[in-house]
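*Asks:* Have a look at this one.
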Amino acid sequence: MGDNDMATIIRNLAEKVSYLEDRQAIVDLMTSYGPAIDAGDADAVAQVWTDDGVYDVDTGVMHGHDEIIEMVRGGMHQGFVQAGCAHILEPGSVVVDGDVAVATAKSLLVVNDERGPGFTVLRATANRWEMVKTDRGWRCRRRIGRLLDGRPAARRLLAGEREGLDDAR
Amino acid sequence: MGDNDMATIIRNLAEKVSYLEDRQAIVDLMTSYGPAIDAGDADAVAQVWTDDGVYDVDTGVMHGHDEIIEMVRGGMHQGFVQAGCAHILEPGSVVVDGDVAVATAKSLLVVNDERGPGFTVLRATANRWEMVKTDRGWRCRRRIGRLLDGRPAARRLLAGEREGLDDAR
Amino acid sequence: MGDNDMATIIRNLAEKVSYLEDRQAIVDLMTSYGPAIDAGDADAVAQVWTDDGVYDVDTGVMHGHDEIIEMVRGGMHQGFVQAGCAHILEPGSVVVDGDVAVATAKSLLVVNDERGPGFTVLRATANRWEMVKTDRGWRCRRRIGRLLDGRPAARRLLAGEREGLDDAR
């Protein structure tokens with residue numbers, strides 16, 4: 001094997017490793033949301049997003065860290081946290097295109113049922129995470145959540161997982 | 001470090017990276033099912049399987065893309081989709097042997113409860129995915145699902161996760 | 001590219017690949033728990049832990065393989081298994097520091113509802129897995145589980161995911 005061949009093989013390997021590192025970092029970003037939201041740790045939740053990141057849920061749209069922090073500290077979310085809740089996120093279906101990525105995944109909001117033993121599945125939500133690679137690592141630019149209660153928007157979100165990667169830049 | 005040593009080290013690295021790429025591709029195959037099934041996108045669901053792939057559920061066995069597509073477009077599944085549903089798949093326990101792999105994972109079918117707020121866990125299922133690496137990437141040759149309602153077949157499926165890798169070829 | 005440059009690049013790549021292999025092995029350890037616990041396979045459950053590993057749940061603390069095996073074979077767990085149950089684990093939020101790691105994740109215990117069709121979410125639990133790389137691969141040294149029923153200990157466990165890595169050695 002000549003030096004040039006070796007250099008080509010190494011460059012090829014380095015590209016593959018870089019891609020796998022991105023995939024790992026995207027998983028790490030998505031999984032960092034779960035402990036933060038159920039601990040009610042507003043600052044840690046906000047760190048999932050870019051500074052001007054958007055969290056667009058059917059119940060309201062939050063723009064930037066301050067509005068996301070306000071939601072976590074607000075009465076509705078703190079009520080769930082105090083009663084006991086688990087935001088369960090399944091593994092996302094991820095498409096990466098260079099320094100942007102889209103993940104599609106469902107999530108469950110499971111809350112402690114204060115009337116008796118056991119828990120209630122209060123929400124099942126379709127999620128789209130639009131992510132970007134920044135100087136500080138991968139961050140969420142926009143997350144869209146739509147309740148899976150039969151509304152067409154939730155199905156469109158799931159069906160369109162490969163759409164809009166260019167728009168995400 | 002001599003050229004021969006370097007070549008050996010690089011070959012060794014390339015094998016490890018290839019294995020990690022296979023693991024990533026297997027995750028990607030499994031996670032591609034979720035958005036497709038809950039969007040009711042029959043063609044995207046079928047693409048998870050090889051052309052002659054089998055989806056063997058306790059409620060019926062489907063052979064090949066046409067029968068899988070028929071199930072997704074059928075009244076029972078479309079009823080769930082229209083009411084709102086989430087097929088949640090946990091991360092699989094995966095064993096790879098060259099170009100075949102088996103993943104064992106549970107899944108939940110969560111459906112919108114039209115009588116009131118919240119969702120019902122209609123099914124909890126033990127799943128076995130038998131996968132093969134094809135020219136077009138990893139595909140499912142056979143997926144077996146058995147309801148976790150106490151039937152021994154569901155427990156045997158979970159216990160036998162390392163069995164039958166040779167049969168899967 | 002000189003030989004020294006190449007050697008440096010290769011060493012750098014090898015470190016990155018080694019890290020990704022550790023991450024994969026940690027996922028494999030965590031996902032191996034699921035099929036074993038719902039199949040009621042006590043020996044396979046115990047293999048998740050080091051020989052002196054601890055499973056500290058709010059309902060009781062188990063020390064070492066024998067006590068873990070006793071729990072799996074015990075009446076409460078076998079009752080769940082015979083009725084049909086699914087311990088669903090979401091993807092963990094993982095922090096690795098050399099040969100120790102901590103994963104934070106929620107889990108659901110979903111059990112077949114013998115009164116009618118469908119399943120009940122009996123428990124939603126905050127989990128902390130403290131793992132160590134041994135001669136036989138990654139193993140769990142201590143897993144802590146606390147019910148998400150509003151008790152502060154469960155929230156502290158989720159909030160403290162980055163704490164105690166040094167203690168874990």
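The values are calculated or read from the model by the stated rules, or taken from the named source; none is laboratory data. Keep in mind that this is a model prediction, so the values were computed, not measured. Positions of Cβ are backbone-derived with ideal geometry, glycine not excepted, and every protein chain shown enters the neighbour counts. Please note that ligands, DNA and RNA were not included when accessible areas were found on the heavy atoms of the full protein model with its side chains. Shrake-Rupley method; radii C 1.70, N 1.55, O 1.52, S 1.80 Å.
*Asks:* If each label sits 7 angstrom from Cα along the C-beta direction, how far apart, in nm, is C:D56 from its counterparts in the other copies?
*Replies:* Nearest to farthest, the other copies are at 4.4, 4.4 nm.
*Asks:* Hey, can you list the residues from the stretch C:56-101 whose accessible area shrinks by 40 Å² or more with all protein chains present, relative to the chain by itself (probe 1.4 Å, no ligands or nucleic acids)?
*Replies:* C:Q82, C:I88, C:E90, C:P91, C:S93
*Asks:* Another question, then. Towards the positive end of the charge dipole of chain A, with charges on Cβ (+1 Lys, Arg; -1 Asp, Glu), say which of A:N4, A:G150, A:M131 has the farthest Cα.
*Replies:* Going by the Cα projections, it comes out as A:G150.
*Asks:* Around B:I9, under 13 Å between beta carbons, what's the net of Lys plus Arg minus Asp minus Glu among the other residues?
*Replies:* -2
*Asks:* Which whole-number percent is the relative contact order of chain B (Cα, under 8 Å, 6+ apart)?
*Replies:* 19
*Asks:* Now a separate question. Which ³J(HN,Hα) values in Hz, rounded to whole numbers, follow from the phi angles of the stretch B:139-146 under the Karplus curve 6.51 cos²θ - 1.76 cosθ + 1.60, where θ = phi - 60° and Gly and Pro get x?
*Replies:* In residue order, the calculated couplings are 9, 8, 7, 8, 10, 10, x, 9 Hz.
*Asks:* Once amide H atoms are placed 1.01 Å from N in the peptide plane, what residues at a sequence separation of 5 or more from B:W49, or on another chain, have their amide H within under 5 Å of its amide H?
*Replies:* B:C140
*Asks:* Using a probe radius of 1.4 Å on heavy atoms only, what accessible surface per residue do you get for the stretch A:10-169? Whole Å² is fine.
*Replies:* Accessible surface, normalised per residue, equals 41 Å².
*Asks:* Tell me what chain C gives for mean residue ellipticity at 222 nm when only DSSP H runs of n ≥ 4 count, each as -39,500 (n - 2.57), the sum divided by the residue total, rounded to 500 deg cm²/dmol. Intermediate results must be reported in sequence, preceding the final value.
*Replies:* Details: 5 runs with 69 residues, N = 169.
It comes out at -13000 deg cm²/dmol, rounded to the nearest 500.
*Asks:* Given 20 Å bins starting at zero, what is the percent of C-alpha pairs of the protein assembly as shown in each, up to the one with the largest pair distance?
*Replies:* 22, 59, 18, 1
*Asks:* Provide an ascending nm list, one decimal, of label-point separations from A:R151 to the equivalent residue in each further copy; define each label point as 7 Å from Cα along Cα→Cβ.
*Replies:* 3.6, 3.6
*Asks:* Report, for A:D5, each distance to the same residue's label point in the other copies, shortest first and in nm; define the point 7 Å along Cα→Cβ.
*Replies:* 2.1, 2.1
*Asks:* Beyond 25 Å between alpha-carbons counts as too far, so tell me which of B:K133/C:K106; B:K16/C:K133; A:K16/B:K133 fall in that bin.
*Replies:* Result: B:K133/C:K106 exceed 25 Å.
*Asks:* Buried accessible area for the A:B pair, summed, 1.4 Å probe, in Å² rounded to 100? Show your work: numbers first, answer last.
*Replies:* Numbers: alone 9700 and 9690 Å², together 16750 Å².
Approximately 2600 Å², summed over both chains.
*Asks:* Over the stretch C:75-131, what per residue volume does the convex hull of the Cα atoms give, in whole Å³?
*Replies:* 87
*Asks:* Any idea what Rg and Dmax come out to for the stretch A:104-165 if you just take the C-alpha atoms, in Å?
*Replies:* 15.2, 48
*Asks:* For chain B, modelled as a GNM with alpha-carbon contacts under 10 angstrom, which of B:P35, B:P91, B:P152 fluctuates the most?
*Replies:* B:P152
*Asks:* With 10 Å bins from zero, work out the P(r) of the stretch A:34-113 over every alpha carbon pair and list the percent per bin.
*Replies:* Final binned percentages: 17, 46, 32, 5, 0.
*Asks:* How large, in Å, is chain B by the Kirkwood hydrodynamic radius built from its alpha-carbon pairs?
*Replies:* One over the average 1/r among Cα pairs gives 17.4 Å for chain B.
*Asks:* Return the carbon/sulfur percentage of the accessible area of the protein assembly as shown, one whole number, probe 1.4 Å, all protein chains in place.
*Replies:* Reported share for carbon and sulfur atoms: 47 percent.
*Asks:* Still on this structure: Select from the stretch C:112-142 all residues whose loss of accessible area on going from the chain by itself to the full protein assembly reaches 20 Å² or more (probe 1.4 Å).
*Replies:* Flagged in the stretch C:112-142: C:N112, C:G118, C:F119, C:V121, C:L122, C:A124.
*Asks:* Right, something else. Can you tell me which of C:A46, C:A14, C:A159 moves the most in a GNM of chain C? Springs connect C-alpha atoms under 10 Å apart.
*Replies:* C:A14
*Asks:* Considering only A:R115, A:R73, A:R123, give the residue with the highest GNM mean-square fluctuation for chain A, with springs between Cα atoms whenever their separation is below 10 Å.
*Replies:* Result for chain A, Cα springs under 10 Å: A:R115 fluctuates most.
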